[in-house]
There are 2 protein chains.
Amino acid sequence: MSTTSPEHPTAASDVVVESLIAALGDRVSLAESEREAARHDRSGYVSDGVPLAVVTPETIDDVQAVMRIATATHTPVVVRGAGTGLAGAAVAGHGEIVLSMLAMNRLLEVSRDDEYAVVQPGIINADLNEQLAPHGLWFAPDPASRAISTVGGNIATNAGGLLCAKYGVTREAVLGLKVVLADGRMLELGHRTVKGVTGLDLTALMIGSEGTLGVVVEATVRTRRLVPGAIAVISATFGSVEDAARASAVITASGLTPAVMELIGESALRHIAAHLGLPATGGSQLIVQFDGPGALAEADAALTSITSLGGIAVLSSDPVEAERLFALRRSFHPSIAVLGTVLIEDVCVPRSALPAMFATIGEIEARYGIEIPTVAHAGDGNLHPNFVFEGPEVPAEIWAAADEMFLAALRLGGTLTGEHGVGLLKRRWLRDELGEDQLELQRQLKRVFDPLGILGPGKVFGA
Amino acid sequence: MSTTSPEHPTAASDVVVESLIAALGDRVSLAESEREAARHDRSGYVSDGVPLAVVTPETIDDVQAVMRIATATHTPVVVRGAGTGLAGAAVAGHGEIVLSMLAMNRLLEVSRDDEYAVVQPGIINADLNEQLAPHGLWFAPDPASRAISTVGGNIATNAGGLLCAKYGVTREAVLGLKVVLADGRMLELGHRTVKGVTGLDLTALMIGSEGTLGVVVEATVRTRRLVPGAIAVISATFGSVEDAARASAVITASGLTPAVMELIGESALRHIAAHLGLPATGGSQLIVQFDGPGALAEADAALTSITSLGGIAVLSSDPVEAERLFALRRSFHPSIAVLGTVLIEDVCVPRSALPAMFATIGEIEARYGIEIPTVAHAGDGNLHPNFVFEGPEVPAEIWAAADEMFLAALRLGGTLTGEHGVGLLKRRWLRDELGEDQLELQRQLKRVFDPLGILGPGKVFGA
């Protein structure tokens, strides 16, 4: 990685840029605005400097050409989709090539009979589902950013989202991948069949690898048939977040399978109410959606649990009214963003540990004298505690509070990150979860794919 | 790997055996019968010689002690469960240590609320489900050998079975693993949460690695709630296997989700009838089971498709009668085993390609003048063509016919092995499916885990 300042590129940087332009022409941008934009994602992290160039390949050949140049010149490459990442893996710095996959955004093939689709990585989740709908199919991974995030980004982070407790995470939705390696060779991993055990499962290894092993240039994804029948949504208010968390744990423990189960913590609900100009009623909100033929029967059973645990609930099977009930949840991020800089966290615990995890967050709030507005995908034990602060840098005391929270999640049998990934933000805790031996083994596996260390250097595994 | 004959062990082999006995006492067996038994599995393959010893560890410490000795003495180790494998990965040869996991067979922990169980690898599938039933839970992977196969073996091959079109393969049922590496260190992979993206997904990489990367000593598996409600089974006779295959493809393409959909080919059905002393009615049989609250409605819809495609069908929702309908399918292996030596194959194609794959098998039968009795898990496009021959060795012409079949499956977008694994039997086709670059990369990944090449040497990746 070059150490020169971006204002005064060395001959070496010039050579890289000239090689890229010679090979890819106007698919290479040196525009200051584009290079500057690639220093950011949604993590709040900003890289140390401006990358060399933003290359926007249109074909697999283009990607291979970029990687051959990168390998020949030992130039680092950061693969980037829509830049909606929340951990910093797509943030590009000084001396790096940005490989933007946004122009490789087509749906290439659909098989309704075999329930798969072949897509380029830059396709936006919402666009894919719009194009699949006429075939009676949909793609289940649905991060909150689905209107603007890419399937390639889903694959990079093994994205989850609101629906994954019932419909699975990205790993369960990918059958095969075409991947360009650091040296420009292309591999075809996996298959189009629903089963297959020929050799090691490198498809699964790529999913969640955050751009550190190779560049995904095509994906065969599993699609699902659009669910016929009703939906039913319950929105319930509880006096405390622990009560709401207990109700969510009871709902899953009773064998019901919500398609969506979102929990809004107490301070989160207060900020949402303020943001929307609603009266501050206090307490915590649980929103549960069921779908499929048994939706109403399941919702009735859940309603019984909710009211017996002290929740005050409304049930609706009208899609418009249901959407209105979810509006509270969707207003969370805008309501917090106005308060200051936000560090969005992502711990995941066994579902039954949700009440304990919320209690721990409450203790940390009290001890540090801070608010940690929190929402959770309660169906799979995944919490998004938000730390709010002034200015661009995360203050030491916020890191200290986050550190306590991470270690508490690990103690409860949980994990640092349920769906956002490690990127830059969680590297310091990676050893706590994996242990020294596993971390070193993972670094060795990374070196097999990328011996020069040019793919996302410093991301996930450290410098 | 030693080249001495087992009758005259070298001093080196003596040293290994003495070290094992010193560390593990009577958990080391030198009995000829046990060592001889470990030369076999259900693939028909027999190893080149008798292994050094059969070690049956009772604890993780025992496994670590064995692997430390193996590493110190560069002695190969073959990990073995119940020996029900169909590809030869658990076959132990001359100079090798057999690590039998059968004594580590306990259910250690169950969480009903979080729907997981912690098990030792030697637990038998059927025993696990018997112990889970009082908790209202079950473990979905159900290879045909479930009465005698181990969960560790399921993990080694990423086992599927009859139910996996609806309920997923082993990879979808494993949350985390404890693995002892070749050098005796232990890693804890994965987690107890339903989501988690901290670092590379080594849990998924281990699943299906057939004993080549490490020794699984504990698994946290995802369990499911026992399905309430009715079952409904359809058994339908078609004039030809292509017609039956077309019906199965129509059933899945129409959005129905059978829990089980088994297809019995024409010569397979003839041999089953002869074996059971039934009149030979000819044709092909399709058996479809639905479960859950919508079972009967789904079965009615499937019945309409089946009869419109020329099938003659009976429908039953009586569990005893349903079991009788499945008896035909269960008689397949016994009916073929009496004919001679059997090579059980395992190709998988996209479901819509099932009719084409059956047609290709028919052409190969005609051209070679042989019968290839075939059954299929039609819900996921997985065929088990059986090659029958005289004597212990696979004749060259059978290999040639199998070779044509494998390449046809690959041409149809399929894979060499849907659920049995590569082991020894399918190594020669691995390059055809993976390509040279991916095969070499997989070998390098294997070396990261096992630099001395002592775990299952020669298995999957070749000598």
- Query: How many nanometers, to one decimal and shortest first, lie between the label point of A:E440 and those of its other copies, if labels sit 7 Å from Cα toward Cβ?
  - Reply: 2.8
- Item | Principal axes of the protein assembly as shown: Cα extent on each, largest first, Å | 79, 63, 59
- Query: Near B:V194, within a Cβ-to-Cβ distance under 15 Å, what is the net charge of the other residues, with Lys and Arg +1 and Asp and Glu -1?
  - Reply: +1
- Task: May I ask you to rank A:M104, B:M186 by accessible area, largest first, using a 1.4 Å probe over the protein chains only?
- Result: B:M186, A:M104
- Alpha-carbon gyration tensor eigenvalues x 5, square-rooted, for the range A:378-425, Å: 21, 12, 10
- Which residues, if any, in the range B:348-393 have at least 40 Å² less accessible area in the whole protein complex than in the isolated chain, probe 1.4 Å? B:P350, B:R351, B:S352
- Item | Positive-pole candidate from A:A219, A:S149, A:H135, dipole of the range A:107-225, charges at beta carbon | A:H135
- How many percent of the accessible area of the range A:163-214 is carbon or sulfur, using a 1.4 Å probe? 44
- So which lysines pass the test for B:K195, namely a Cα distance under 17 Å, with those fewer than 8 places away in the same chain ruled out? A:K166, A:K426
- Message: For q values of 0.11, 0.22 Å⁻¹, compute log₁₀ I(q)/I(0) with the Debye formula on a Cα-only model of the range A:15-127, without solvent.
- Response: -0.38, -1.18
- When the charge dipole of chain A is computed with +1 at the Cβ of Lys and Arg and -1 at the Cβ of Asp and Glu, the Cα pointing farthest to the positive end, of A:T84, A:S13, A:P319, is that of A:P319
- Task: Determine the residues within the range B:416-449 where the difference in accessible area between the chain on its own and the full set of protein chains amounts to at least 50 Å²; count protein heavy atoms only and use a 1.4 Å probe.
- Result: B:D437, B:Q438, B:L441, B:Q442, B:L445, B:V448
- Take peptides A:423-434, B:21-32 and line them up by average Cβ neighbours within 10 Å, highest first, as a rough protection proxy. A:423-434, B:21-32
- Task: State the antiparallel share, in %, of DSSP beta bridges confined to the protein assembly as shown, rounding to the nearest 5.
- Result: 85
- Rounded to the angstrom and largest first, Cα extents along the principal axes for chain A equal 70, 55, 44
- Item | Size of electric dipole in the range B:107-225: Cβ of Lys, Arg +1 and of Asp, Glu -1, about Cα centre, debye, nearest 20 | 260
- Query: Taking only DSSP H segments of four or more residues, each worth -39500 (n - 2.57), what value at 222 nm results for the protein assembly as shown once the sum is divided by all its residues, to the nearest 500 deg cm²/dmol?
  - Reply: -10500 deg cm²/dmol
- Task: Give the nm distances, rounded to one decimal, from A:T281 to the matching residue in every other copy, measuring between label points 7 Å along Cα toward the beta carbon; shortest first.
- Result: 6.1
- At a 1.4 Å probe, what is the % contribution of carbon and sulfur to the accessible area of the range B:231-411? 59
- Query: Hey, what D do you get for the range B:314-436 in µm²/s if you plug the Kirkwood alpha-carbon radius into Stokes-Einstein at 10 °C and 1.306 mPa s?
  - Reply: 102
- Taking the chain alone as reference and the full protein assembly as comparison, with a 1.4 Å probe on protein heavy atoms only, the residues of the range B:110-142 that lose at least 40 Å² of accessible area are B:D113, B:D114
- Query: Hey, for B:L30 with labels 7 Å out along Cα-Cβ, what do the inter-copy distances come to in nm, ordered shortest first?
  - Reply: 7.6
- If the label point sits 7 Å along Cα→Cβ of B:D300, residues of the range B:312-342 with amide N under 15 Å come out as B:315-317
- Expressed in µm² per second, the diffusion coefficient of the range B:231-411 from the Stokes-Einstein equation, with Rh the Kirkwood radius over alpha carbon pairs, at 20 °C and 1.002 mPa s, is 130
- Query: Over the heavy atoms of B:R224, what accessible area does a 1.4 Å probe trace out, to the nearest 10 Å²?
  - Reply: 90
- Item | Packing-based ranking, highest mean first, of A:51-64, B:196-209 given that Cβ atoms within 10 Å are counted | B:196-209, A:51-64
- Message: Need one word for the range A:44-100: rounded, prolate or oblate. Basis is the Cα gyration tensor (sqrt eigenvalues a ≥ b ≥ c); a/c below 1.5 gives rounded, then a/b vs b/c decides.
- Response: oblate
- Message: Excluding ligands, DNA and RNA, what is the accessible area buried between chains A and B, summed over both sides, using a 1.4 Å probe, to the nearest 100 Å²?
- Response: 5800
- Message: Keeping all protein chains in the complex and leaving out DNA, RNA and ligands, what accessible area do you get for B:H74 with a 1.4 Å probe, in Å² to the nearest 10?
- Response: 110
- Query: Using a 1.4 Å probe, what is the accessible area per residue for the protein assembly as shown, in Å²?
  - Reply: 35
- Total charge of the residues flanking A:H384 in space, meaning their Cβ is under 13 Å from its Cβ, with Lys and Arg +1 and Asp and Glu -1, is -2
- How would you classify the range B:141-223 from its alpha-carbon gyration tensor, with a ≥ b ≥ c the square roots of the eigenvalues: rounded for a/c under 1.5, else prolate if a/b is greater than b/c, otherwise oblate? oblate
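The values are calculated or read from the model by the stated rules, or taken from the named source; none is laboratory data. Source: prediction; values computed, not measured. FYI the Cβ positions are ideal-geometry reconstructions off the backbone, even for glycines, and counts take in every protein chain you see. When the accessible area is computed, the model is the full protein with side chains, heavy atoms only, and any ligands, DNA or RNA have been set aside. Shrake-Rupley method; radii C 1.70, N 1.55, O 1.52, S 1.80 Å.
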